[in-house]
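Each remark here refers to the structure printed beneath this line.
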Amino acid sequence: MKKRYPIIGILAVVAVIAVWKLAFTGASDGAHGSVKVPTLSAAAERGERVFAANCAACHGKNAAGSNSGPPLVHKIYEPSHHGDGSFISAVQNGVRQHHWGYGNMPSQPSISPRQAGQIITYVRELQRANGIN
């Protein structure tokens, strides 16, 4: 019986690591789940276009994530944890890797402050439609 405890402990650690890797490094297909897309406001539609041109290559279609970047429609990016200022800072200054295993995000100097605001509007509408408030 005593020999089973180390094996059970090792199996538990392996299971926890596997769940963590799946949750925080991306699913094998690069998507982190489906994103419900609501009817967008005019401002969010503008943000969607800017996002598609500048962000979707890494953050995926509808901000669902990819093998290159994390999903923005995720509880980690809810407004109470990553406010709008965090998004603006990430665009202007880049951001060091801290939640995910994708590496650092470089600054995006081609995105104007106005466009960043449009992207935020788009992402927040997606988040609300997916239960992230």
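No lab work stands behind these numbers, since they all come straight from the coordinates. What you are looking at is a predicted structure, and each value in this text was computed from that prediction instead of being measured. All Cβ positions, even for glycine, are placed from backbone atoms using ideal geometry, and neighbour counts span all protein chains on display.
Do you know which residues across region 106-133 are in a helix (DSSP H, G or I) and of a type in the set (S, T, Y)? T121, Y122 - these are the residues of region 106-133 that are in a helix (DSSP H, G or I) and of a type in the set (S, T, Y). Here C55 clears all of (1) under 12 Å from the mean Cα position of the chain (by Cα); (2) over 16 Å from I119 (Cα atoms); (3) not aliphatic (A, V, I, L, M) except the condition numbered (2). Mind counting the residues in region 85-120 that are loosely packed, with under 15 Cβ neighbours inside 10 Å and touching a residue at least 40 places away in the same chain (Cβ under 8 Å)? Residues meeting the conditions: 3. For region 60-105, a residue qualifies if it is under 12 Å from the mean Cα position of the chain (by Cα), more than 15 Å from I132 (Cβ to Cβ) and part of a helix (DSSP H, G or I), and exactly one does: K61.
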